[in-house]
Each structure stands twice: as C-alpha cells, then as structure tokens.
1. I'd like the orientation of helix 15-51 relative to the chain: the angle between its Cα long axis and the longest Cα principal axis, in ° from 0 to 90, rounded to 10.
2. Using helices alone, I'd like the mean residue ellipticity at 222 nm for the chain: each DSSP H run of four-plus residues gives -39500 (n - 2.57), total over residue count, nearest 500.
3. Please compute the modelled spin-label separation between Leu34 and Ile10, points set 7 Å along Cα→Cβ, answer in nm with one decimal.
4. Tell me which of Leu6, Asn35, Thr56 sits at the most positive position along the dipole axis of the chain, charges placed on C-beta atoms (Lys, Arg +1; Asp, Glu -1).
5. Against the longest principal axis of the chain, how steep is helix 3-12, in degrees 0 to 90 to the nearest 10, with axes from Cα atoms?
6. Would you please report the Å³ per residue occupied by the convex hull of the alpha carbon atoms in the chain?
7. Can you sort Phe19, Phe58 by how many other beta carbons sit within 10 Å, fewest first?
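Bear in mind that the values in this text are calculations on the coordinates, not laboratory data. Predicted model, so just to flag it, every value in this text is computed and none were measured. Every residue, glycine among them, receives a Cβ derived from its backbone with ideal geometry; neighbour counts consider all protein chains shown.
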Amino acid sequence: MQTVDLIQEIQRLPLAKRFYVVEETLKSIKKDELNQQMELAAEELYSDYLNDKELTAFSSLDL
C-alpha cells in the first residue's frame, strides 16, 4: 500500500479512530527514537567500558 493510499484510508475513518491512529503512530515514533538514542549512547560508551577498569570494578561482584 502506498503512502497516499494509506492517508486516504485514514481520512475515511471516523474522527475518534483517526485520533487513535495518530496517537499510536506518535507512540511508535517516540519509542523508536528513544531506542535509537539508547543504542547510540551505548555504542559511544562501549569503548569506555572496555578500557576503563574503574567503570567495571564492581562487575566482578556480580553472580
């Protein structure tokens, strides 16, 4: 389904259902953006955790 077709289908929905589609779409976008930001932050810190023993000193206590 093309984007134009999808938009036309959404426009045919009753107002309450259109709001629902928008809300769920925004939630999905926010979740994806947060996941992407967390992934980027983890990648940026990865080398620090590999090279800085102070950051991992207490991990030896983990079971």
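1. Result, in degrees: 20.
2. That comes out to -26000 deg cm²/dmol.
3. Going from the Ile10 label point to the Leu34 one covers 2.1 nm.
4. Value: Leu6.
5. Long axis of 3-12 versus the principal axis of the chain: about 60 degrees.
6. Output value, Cα hull per residue: 149 Å³.
7. Exposure proxy ranking, most exposed first: Phe58, Phe19.
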